[in-house]
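Report on the following structure.
Only the coordinates and a few stated rules stand behind these numbers; no lab work does. As the structure is a prediction and not an experimental result, all values here were calculated from the model. When we count neighbours, we look across all protein chains shown, and the Cβ atoms used for this are built from the backbone with ideal geometry, even at glycine.
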Amino acid sequence: MSRKLLTISVFILSLSLSGLASAQTTTDSGADGGDAPTTEAADGTATESAAPEATATEAAPEAAAAESTSGGAMAGTQKVQLKNLEQKVNELKEKIFRSKARLNLLKETVLHGVIAGSKAIIRHKNEMGSSFQLVKLIFSMDGAEIYAKGDDGGSLDKKKDFEVFNGSIVPGNHTVSVLMVFRGHGYGIFSYLKGYKFTVRSSHTFTAGEGRQTDLTVRAYEKGNITTELKDRPAIDFKVNLFSVGKGGSK
């Protein structure tokens, strides 16, 4: 009887030691391996922890913010490109408008001007004082540009009297528009004038008669007196002379 009790005791002690060894092995494996803890379900299936998914969720807002910043920069670039494109389109429209007006004037001149015998001569005269230097000059007839020149070197200002147009035109009313830009000119204590620019515009309508020649002189001059401010002095006037046109275009 005593032997049986001893045998049973040894068996129970062996089972206890085996269980302790198994628990120690499981604990060491969890600490050394670094794997996520598992939970055993009722049916014995091991389920991994959801910790990695939480990390992915935290990274999502950062990725969304980066994507939003990138999208904003791209939208800004596209807006600048569209604005530049719109400006180029407007400039192109303006060039097309001027070309069409010039073409219409040329067509009328070719089809009707020579037959009708109407002619126009337009002259520019610069009678401005030494305080003003002409740097830009534009003449237009009926919306079509017939003369344009810009020069900061002074050569345009030196041409005090010259012809800007000489040709046949259609009988009827015509409008000549002029734009002049002057820069202040001076030396010594008056050198500050170089920093000023003065723009003056004017237009005049004349009637070209059939078989007649119209001489139009456009004169730039200073109005007022010594007390008149510089900005109010530049002015333009128009002088018209009519002549009969004979055969061969003679007066």
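General remarks:
- In order along the stretch 156-169, the phi-based Karplus estimate (6.51 cos²θ - 1.76 cosθ + 1.60, θ = phi - 60°) of 3J(HN,Hα) comes to 5, 5, 6, 7, 7, 8, 7, 8, 10, 7, 8, x, 7, 9 Hz; Gly and Pro are listed as x.
- S177 sits among other residues whose Cβ lies under 11 Å from its own Cβ, and their net charge, with Lys and Arg +1 and Asp and Glu -1, is -1.
- Built amide H within the under 5 Å cut-off of I121, gap 5+: T214, D215, L216
- At R0 = 30 Å, FRET efficiency that the Cβ-Cβ distance of K194 and T217 yields, to 0.05: 0.55
- Taking only the Cα atoms of the stretch 133-222, the radius of gyration and Dmax are 15.8, 55 Å.
- Calculated FRET efficiency for the pair A73/S155, C-beta based, R₀ 41 Å, to 0.05: 0.25
- Net charge of Cβ neighbours under 12 Å - reference K88; Lys, Arg +1; Asp, Glu -1: 0
- The label point for H204 and the one for T227, both projected 7 Å from the Cα toward the Cβ, are 3.0 nm apart.
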